[in-house]
1. I'm told Ala166 meets every condition in (1) free of Cβ contacts under 8 Å to residues at least 24 places away in the same chain; (2) surrounded by 15 or more Cβ atoms within 10 Å (Cβ to Cβ); (3) of a type in the set (Gly, Ala, Ser) except one. Can you identify the failing condition by its number?
2. Quick check on this structure: which one of Val185, Val152 is over 20 Å from the mean Cα position of the chain (by Cα) and among the hydrophobic types (A, V, I, L, M, F, W, C)?
3. Identify, please: which residue in the range 175-194 is open to solvent by less than 40 Å² (accessible area, probe 1.4 Å) and assigned to a helix (DSSP H, G or I) and is, among those, farthest from Leu111 (Cα to Cα)?
4. Among the residues of the range 78-106, what is the count of those that are more than 27 Å from Phe182 (Cα to Cα), in a helix (DSSP H, G or I) and not hydrophobic (A, V, I, L, M, F, W, C)?
5. With modelled with pLDDT under 95 and either closer than 17 Å to Asn23 by Cβ or open to solvent by 10 Å² or more (accessible area, probe 1.4 Å) (or both) as the only criterion, which of Gly106, Gly92 stands out?
6. Do any residues in the range 112-131 that are under 16 Å from Phe22 (Cα atoms) have Cβ atoms under 6 Å from those of residues that are among the small types (Gly, Ala, Ser) and open to solvent by less than 20 Å² (accessible area, probe 1.4 Å), where the two are at least six apart or on different chains, and which pairs are they?
7. Do we find a residue being in a helix (DSSP H, G or I) and either of a type in the set (Asp, Glu) or surrounded by 22 or more Cβ atoms within 10 Å (Cβ to Cβ) (or both) anywhere in the range 127-137?
8. Among the listed residues Ile155, Ile138, which satisfies the condition of being among the β-branched types (Val, Ile, Thr) and more than 22 Å from Gln37 (Cβ to Cβ)?
Amino acid sequence: MTWSLLKTMLMNRPFLWLLFVFNLLGSIYGFYWYGNQMADTEWYWNLFVPDSPTSSTLFTIVVLLWLLGRRSRWLEMLSMVTNLKYGIWACGVIITYWNANGIVDGTDLMLMLSHGAMAVEVVLYNFNYKFDRSVLWIGACWLLFNDFVDYVYDIHPWLQDERFTAYIQFWTPVLSLLVLVFVAVLRPATARSK
C-alpha cells in the first residue's frame, strides 16, 4: 500500500466517522475508569486526573472538526502531544508491572492496545495537522504542569502498587520532553498553507 493510498483511506469520511465513534466511546469509558480517583481528588485538580481520556477527547474533537470542515491548530497540537505522551506512558507503566509480576491479564492487554492506538493514530494523522512548532510551548506548559501536579500533589494515575512510583516520577517529565522534541521534529517551523 502506498502512502498516498493510506492517506486517502485515513481521510475517507466513513472511516473518520468510525474513528470519531471509537475515540468517543473510549473517552467515555476512560472517564468512567477514573471516576473513583476523580471523586477522591479535590475538584480543582480534576482536569489533571484523567490524562488519557482527556487526551483521547481532544483527538475526538479534532476528528469531529475535520468532519465539519473546521480546524483548530491549538487542539490539533494538544491532541498530538497528549495522546503521544499518555499513550506511551500507559504502555510503559503496564510493561513495567508485567515484567516485575510475570502476569499479563486481559485488562492490561486492553489498556495496552487502546493506549498504543492513541499514540499511533496521532502520528498517522501528522500529515493532516495544520499546526507548526510555534504553538508547541502551549503543549509544553500543559504536559509539564500536569507532571508537576501529578507528582507534587499526588494526583497521578493510580498504580497497581507503589513499587515503581519513584521511577515513574522521574521518567514521566523525561517522556514529556522527548514527546515535545519528537513533535518538533515532525512539524514544520512555520505553518504550511494547503
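The values are calculated or read from the model by the stated rules, or taken from the named source; none is laboratory data. Bear in mind the structure is a predicted one, so any value in this text is a computation, not a measurement. Glycine gets a Cβ as well: all are built from the backbone with ideal geometry, and neighbour counts include every protein chain shown. Heavy atoms of the whole protein, side chains included, go into the accessibility calculation; ligands, DNA and RNA do not. Shrake-Rupley method; radii C 1.70, N 1.55, O 1.52, S 1.80 Å.
1. (2)
2. Val152 is the lone residue from the list that is over 20 Å from the mean Cα position of the chain (by Cα) and among the hydrophobic types (A, V, I, L, M, F, W, C).
3. Of the range 175-194, the ones open to solvent by less than 40 Å² (accessible area, probe 1.4 Å) are 175-176, 179-180, 183-184, 187-188.
Now restrict to residues that are assigned to a helix (DSSP H, G or I): 175-176, 179-180, 183-184.
Working: Leu175: 19, Ser176: 20, Val179: 20, Leu180: 23, Val183: 24, Ala184: 27 Å.
The qualifying residue farthest from Leu111 (Cα to Cα) is Ala184.
4. Adding up the residues that qualify gives 2.
5. Gly106
6. The qualifying pairs are His115/Gly87; His115/Ala90; Met118/Ser56; Met118/Gly87; Ala119/Gly87.
7. Filtering the range 127-137 for residues in a helix (DSSP H, G or I) gives 127-128, 133-137.
Keeping just the survivors that are either of a type in the set (Asp, Glu) or surrounded by 22 or more Cβ atoms within 10 Å (Cβ to Cβ) (or both) gives none.
Scanning the range 127-137, I find no residue that is in a helix (DSSP H, G or I) and either of a type in the set (Asp, Glu) or surrounded by 22 or more Cβ atoms within 10 Å (Cβ to Cβ) (or both), so the answer is no.
8. Numbers: Ile155 fails: more than 22 Å from Gln37 (Cβ to Cβ).
Within the list Ile155, Ile138, the selection yields Ile138.
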